[in-house]
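This report concerns only the one structure given below.
The values are calculated or read from the model by the stated rules, or taken from the named source; none is laboratory data. Quantities reported herein were computed from a predicted structural model and do not represent experimental measurements. Quick reminder, even Gly has a Cβ in these numbers, built from the backbone with ideal geometry, and neighbours come from all protein chains shown.
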């Protein structure tokens, strides 16, 4: 695939991930949280299964991969529970900035603790940037922040995501798309068995807006976004592909402003920039060499 075409697809994939925050908030008016988790990953698994069949990548995966997919599914259930409730009680644009920028920072901290890694000066500087960014996004000087249920769920979502990242990182043999297919399938099946009592939620309550957002959340946001991201990582490498991830919080803000009439204040934007700079530093970039980072986007 030509570099320009893959670049366009990656931008669309990141836009897709950003749009999930708005779709999630809208769909919480139609479903209970477990019903929405079920349908999101049911349709996502079906879409990914069709892709695996059409491309002949296949569904082959070893027992270790299946076990890791099962454990990751547990994390996905927890993350989506907090994610959906956060968008229901809080603002989608706010959560899109807070959670997507806080996720990789918390993941780095968890990995450093588990690996007993001594932090270098560059890591400490990055974490300070991240701390400043998060405090600005939360507007910590407001005394009532602790009573905001949306913020609480967003923070729980951000601290749950590292489980999925760390566990899935141990998957080495086989197709990442096949691994995602089983992870999505286990998530939908687990919710159906454990929380819905084998009762498949009705879709009759959906109108045209509901159907559009359900497909946007599952097929566009999850199946398409995940597939293109894995394609980019295999083509470009993880570092360059991950650079596009920072489009997600800003697209979430744009969608929330347009479709939900949410007003994103200057502190959320400035805080988002600080946390993005922190993530760049944690990923091995040098914040001082800004010119090279600009050239990176053009390559």
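Contact map, segment 189-209: first residue free of Cβ contacts under 8 Å to residues at least 60 places away in the same chain, second residue surrounded by 16 or more Cβ atoms within 10 Å (Cβ to Cβ) and part of a loop (DSSP other than H, G, I, E, B), Cβ cut-off under 9 Å, separation 6 or more or different chains; pairs are 207/30. Among the residues of segment 115-133, is any modelled with pLDDT under 90, under 30 Å from residue 181 (Cβ atoms) and surrounded by fewer than 17 Cβ atoms within 10 Å (Cβ to Cβ)? Within segment 115-133, one or more residues are modelled with pLDDT under 90, under 30 Å from residue 181 (Cβ atoms) and surrounded by fewer than 17 Cβ atoms within 10 Å (Cβ to Cβ). Give the number of residues within segment 35-51 that are surrounded by fewer than 19 Cβ atoms within 10 Å (Cβ to Cβ) and either within 17 Å of residue 252 (Cβ to Cβ) or in contact (Cβ under 8 Å) with a residue 12 or more places away in the chain (or both). Selection size over segment 35-51: 2.
Residues in segment 210-238 that are under 18 Å from residue 23 (Cα atoms), touching a residue at least 40 places away in the same chain (Cβ under 8 Å) and surrounded by fewer than 16 Cβ atoms within 10 Å (Cβ to Cβ): 1 in all. Looking across segment 149-188, the residues that are assigned to a loop (DSSP other than H, G, I, E, B) and in contact (Cβ under 8 Å) with a residue 24 or more places away in the chain come down to 170, 171, 173, 174, 175.
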